[in-house]
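Asker: Handing you this structure, nothing more for now.
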Amino acid sequence: MATREIAKRAQALRAAIDDANYRYYALDAPTISDAEYDRLFRELQVLESDHPELVTAESPTQRVGTTPTREFATVRHRVPMLSINNAFGDEEVEAFDRRVREALDVEAVEYSCEPKLDGLAINLTYERGAFVQGTTRGDGFAGEDVTPNLRTVRGIPLRLRTDHPPRLLEVRGEVLMYKRDFEALNARQQEHGEKTFANPRNAAAGSLRQLDPRITAARPLRFSGYGIGEAQGFAAPQTQSGLLDALGRMGVPVSAERAVAKNVAGLLAYYRRLAGNRASLAYDMDGVVYKVNRLDQQRALGFVARAPRFAIAHKFPAEEATTELAGIDVQVGRTGAITPVARLKPVFVGGVTVTNATLHNEDELRRKDIRVGDTVVVRRAGDVIPEIVRAVPGTRKPGAPEFHMPTRCPVCGSAVVRLPDEAVARCSGGLFCPAQRKQALLHFASRRALDIDGLGEKIVDQLVDGELVHTPADLYRLTLEDLARLERMAEKSAQNLLDALARSKETTLARFVYALGIRNVGEATARDLAAHFGTLEPLMDADEETLQGVPDVGPVVAASISGFFRERHNRDVIRALRKAGVTWAEGAPRTAAQGHAAGKTFVLTGTLPNLTREEATELILSRGGKVSGSVSKKTDYVVAGAEPGSKLAKAEALGVAVLDEAGLRRLLKG
DNA sequence: GATCCTCGAGTTCT
DNA sequence: CTCGAGGATC
């Protein structure tokens with residue numbers, strides 16, 4: 001064959017393979033068999049290996065993966081990749097529609113509806129139609145460059161199918177794995193003695209984050225596009241649904257389940273249809289997304305902080321699973337609270353394997369009438385903490401006894417008492433109880449208290465059981481030799497712990513008061529007390545009446561505080577701590593707050609780009625503001641970052657002002 | 001006395 | 001995140 005003919009043949013093979021990929025992945029309508037596909041692919045490989053000069057970056061043979069990289073480079077997004085607010089019920093969707101119609105001042109709005117795929121959001125950059133870069137979402141502002149890995153994903157076109165490619169087009173979508181592909185992959189992994197994945201989403205994430213693209217190439221990843229980022233020289237359609245159609249025509253796989261709804265009733269009908277099909281669809285979804293269809297209306301609506309006002313994700317209810325209740329244990333908390341904990345036969349729910357779930361207290365247990373041996377329904381509440389919803393009727397084992405709270409503490413044997421009108425039962429042993437002593441030490445060392453890095457549960461167990469440490473002050477007497485004798489504690493980590501202890505001595509009055517673990521005195525109250533008294537002595541000697549002069553301190557809290565400081569033992573520990581070198585800046589009592597945020601209440605949600613939660617809190621406090629944990633009518637500002645929680649939705653519902661990090665900084669500067 | 005708003009405390013898994 | 005309960009407010 002003449003060189004020209006070979007080149008032509010290679011060209012024809014590439015076109016045929018690209019076309020097969022397009023029909024398979026984008027149209028979901030394959031026209032040739034897998035065997036025929038493999039034959040074409042091998043012929044092209046042979047041709048290219050005989051004539052290396054014919055190989056191009058866009059050749060389908062180049063999807064097999066190049067050599068591994070050391071790490072992924074960070075790339076700033078040209079247009080931030082935003083998150084979408086969530087709706088958890090019909091009412092919230094109706095409220096969303098109402099807000100949209102009011103803002104646009106129209107009778108009805110048309111929406112584009114799409115499944116919310118459970119995968120990883122990525123950004124694909126095309127220059128003059130050629131795929132040049134792909135990045136992960138990251139924090140929304142910058143992500144990781146995973147171009148070589150994305151190149152191996154066969155559903156991602158290496159070249160857009162159009163005669164007039166835009167100068168620049170960023171395609172946004174989700175990388176995911178089909179359920180059946182995930183199962184096959186796990187079976188294969190298991191066969192080869194390699195680790196299996198918990199769910200398709202984790203499998204997709206793990207596959208995409210491989211440093212060696214050849215591994216990614218062997219994983220059955222898919223792509224589904226849902227929007228665009230930066231676009232230059234692109235005649236954008238007028239609507240979201242038109243945009244999806246246009247992407248589809250250019251060879252980008254888009255969801256076949258997409259639809260257009262004329263009004264809010266259409267949205268809810270779409271939701272019910274997809275929720276009903278959930279099990280039979282090839283992929284996992286965590287809900288559906290509604291977007292105002294007309295792009296000019298989208299622009300008019302704009303953004304609130306980090307999320308578009310023109311879109312909302314309607315989430316499916318938390319997944320439930322059933323398993324057997326293997327037993328009920330009890331735990332002893334810092335305040336002596338005895339909490340029953342369900343031990344479950346491991347069950348896979350909401351993407352993780354759950355073995356424990358809290359039962360809160362005796363009343364709750366009674367209410368749900370749960371007994372050991374019952375089959376129970378488990379769900380991950382708020383998608384995080386597992387809870388037992390109910391027992392499945394008719395699964396009770398004959399003679400299964402009712403659960404009773406122990407009358408003696410399982411750790412120290414002291415009496416368990418439950419005060420009238422209280423839901424929790426408590427061990428009355430106080431600091432005599434090793435469990436409470438351990439928890440008190442862990443609290444003292446916790447990040448928001450004295451922040452002693454490396455003092456974890458395992459170490460505290462040994463220190464207390466070995467009688468090396470009784471009170472927090474004893475921690476500062478520990479030597480390298482003491483620590484090196486402990487299990488799982490080599491010299492290096494022992495030294496690290498000593499360093500952390502030394503560092504922790506420099507603290508603040510608020511942290512110190514919080515670290516003491518006074519009942520009913522948490523972070524916020526400790527801060528109020530520190531600000532009000534300025535130094536420790538007047539606080540220690542204050543009577544209950546004086547204490548009630550502090551904001552948010554009433555009779556109960558005042559009694560806890562004065563009771564704590566009246567105890568001889570507690571005063572001794574405090575003296576010993578100060579003697580060991582624990583210090584803080586002695587401030588004058590702060591009276592009226594000053595600064596640009598004076599008297600304003602802030603609530604933080606999501607991840608801010610340049611500030612940690614603690615830094616943001618510090619910043620607000622230093623300008624006289626207050627930071628609270630929950631949103632209400634009294635909240636002045638909600639500061640929202642990436643992936644905000646339900647607080648953002650609540651803020652919008654209540655009409656509370658929402659700021660992003662930049663807005664917060666501007667406000668604090670004045 | 002009722003109601004709303006906050007805070008404290010406990011909790012799971014990777 | 002959620003529940004329970006303390007504090008503030010009317």
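Asker: Would you mind computing, in nm to one decimal, how far apart the modelled labels at A:L419 and A:F348 are, each placed 7 Å from Cα along Cα→Cβ?
Answerer: 4.7 nm
Asker: In whole percent, what relative contact order does chain A give with Cα contacts below 8 Å and a gap of six or more residues? Numbers along the way, then the final one.
Answerer: Numbers: 1206 pairs, mean separation 65.9, N = 670.
Averaging sequence separation for qualifying contacts and normalising by length gives 10 percent for chain A.
Asker: Related question: Compute the Cα gyration tensor for region A:1-75, then decide on rounded, prolate or oblate, letting a ≥ b ≥ c be the square roots of its eigenvalues: rounded whenever a/c is under 1.5, prolate when a/b is larger than b/c in the other cases, and oblate in all that remain. Provide the component values of the computation, followed by the final result.
Answerer: On the way: a/c = 2.25, a/b = 1.15, b/c = 1.95.
The shape class here is oblate.
Asker: Name every cysteine in chain A that ends up alone, with no second cysteine's Cβ under 4.7 Å, or say none.
Answerer: A:C113
Asker: Using the 2.2 N^0.38 Å rule of thumb for compact globular proteins, work out how region A:379-465 stacks up: its C-alpha Rg over that value, please. Could the numbers behind the result be given before it?
Answerer: Values: Rg = 18.0 Å, N = 87, 2.2 N^0.38 = 12.0 Å.
That ratio works out to 1.50.
Asker: When the C-alpha atoms of region A:416-475 are aligned to their principal axes, what extent does each axis show, in angstrom, from largest down?
Answerer: So the three principal-axis extents are 39, 26, 19 Å.
Asker: Something else now. Which entries of A:K458/A:K579; A:K438/A:K579; A:K368/A:K634; A:K438/A:K505 have Cα-Cα distances beyond 25 Å here? Can you show the working numbers first?
Answerer: Values: A:K458/A:K579 27 Å; A:K438/A:K579 22 Å; A:K368/A:K634 35 Å; A:K438/A:K505 20 Å.
Over 25 Å apart, Cα to Cα: A:K458/A:K579; A:K368/A:K634.
Asker: Net charge near A:K438, counting Lys/Arg +1 and Asp/Glu -1 over other residues with Cβ under 10 Å of its Cβ? Spell out each step's value before the answer.
Answerer: On the way: positive: A:R334, A:R437; negative: A:E457, A:D461, A:D465.
Net charge in that neighbourhood comes out at -1.
Asker: To one decimal place, what orientation-averaged projected area in nm² is obtained for the convex hull of the Cα set of region A:510-642?
Answerer: On the way: hull surface 36.7 nm².
About 9.2 nm², averaged over all directions.
Asker: Follow-up question, since we're still on this one. Once every DSSP H run of n ≥ 4 in chain A is given -39500 (n - 2.57) and the sum is divided by its residues, what mean residue ellipticity at 222 nm do you get, rounded to the nearest 500 deg cm²/dmol?
Answerer: Working: 25 runs with 245 residues, N = 670.
Taken over chain A, the calculation gives -10500 deg cm²/dmol.
Asker: Further question: Under 18 Å from a point 7 Å along the Cα-to-Cβ line of A:E567: which residues of region A:455-475 have their amide N that close?
Answerer: Only A:464, A:469-475 pass the distance filter.
Asker: So what's the angle, to the nearest 10 degrees on a 0 to 90 scale, between helix A:568-579 and the longest Cα principal axis of chain A?
Answerer: 60 degrees
Asker: Let me ask another. Can you give the net charge of the other residues whose Cβ lies under 12 Å from the Cβ of A:N149, counting K and R as +1 and D and E as -1?
Answerer: Values: positive: A:R63, A:R151, A:R209, A:R214, A:R219; negative: A:E144, A:D145, A:D212.
Summing Lys/Arg as +1 and Asp/Glu as -1 gives +2.
Asker: Restricting the count to DSSP beta bridges whose residues both fall in chain A, what percent are antiparallel, rounded to a multiple of 5? Provide the component values of the computation, followed by the final result.
Answerer: Numbers: 76 of 91 bridges.
Given both bridge residues lie in chain A, the antiparallel proportion sits at roughly 85 percent.
Asker: Sorted by packing (mean other beta-carbon atoms within 10 Å per residue), highest first, where do A:486-494, A:141-149 land? Present the calculation step by step, with values, prior to reporting the outcome.
Answerer: On the way: A:486-494: 13.2, A:141-149: 20.7.
Top of the packing list down: A:141-149, A:486-494.
Asker: Further question on the same structure: In the structure shown, do any of A:K647/A:K669; A:K116/A:K179; A:K116/A:K195 have a Cα-Cα gap over 20 Å, and if so which?
Answerer: Numbers: A:K647/A:K669 25 Å; A:K116/A:K179 15 Å; A:K116/A:K195 28 Å.
Result: A:K647/A:K669; A:K116/A:K195 exceed 20 Å.
Asker: Now for a separate question. If one takes the longest principal axis of the Cα atoms in chain A, at what angle in degrees, from 0 to 90 and to the nearest 10, does the Cα axis of helix A:523-533 lie?
Answerer: 50 degrees
Asker: Another one. Mind computing the radius of gyration and Dmax over the alpha-carbon atoms of region A:17-145? Å is fine for both.
Answerer: That works out to 21.7, 66 Å for Rg and Dmax.
Asker: Output the 0 to 90 degree angle, nearest 10, between the alpha-carbon long axis of helix A:555-566 and the longest principal axis computed from the alpha carbons of chain A.
Answerer: Approximately 60 degrees, to the nearest 10.
Asker: Principal axes first, then extents: for the Cα atoms of region A:249-354, list largest minus smallest coordinate on each axis, whole Å, largest first.
Answerer: For region A:249-354, the Cα extents along the three principal axes come out at 59, 36, 30 Å.
Asker: So for each of A:451-457, A:597-603 I average, over its residues, the number of other beta carbons within 10 Å; can you give me the resulting order with the highest mean first?
Answerer: A:597-603, A:451-457
Asker: Assign one of three labels to chain A, namely rounded, prolate or oblate, based on the Cα gyration tensor with a ≥ b ≥ c the square roots of its eigenvalues; rounded applies when a/c is under 1.5, prolate when it is not and a/b is larger than b/c, and oblate otherwise.
Answerer: On the way: a/c = 1.93, a/b = 1.76, b/c = 1.10.
It comes out prolate by the Cα gyration axes.
Asker: Using a 10 Å cut-off around each Cβ, can you sort A:F131, A:F444 from fewest to most neighbouring Cβ atoms?
Answerer: Working: A:F131 20, A:F444 25.
Listed from fewest to most nearby Cβ atoms, that is A:F131, A:F444.
Asker: Bin width 5 Å, alpha-carbon pairs only: give the P(r) of region A:305-376 as whole percents, running from 0 to the bin holding the largest distance.
Answerer: 3, 13, 19, 18, 14, 10, 6, 6, 8, 3
We did not get these values from a lab; they are worked out from the coordinates using the rules stated. Here the structure is a predicted model, which means the values were calculated and not measured. Cβ: placed from backbone, ideal geometry, glycine included. Neighbour counts: every protein chain shown.
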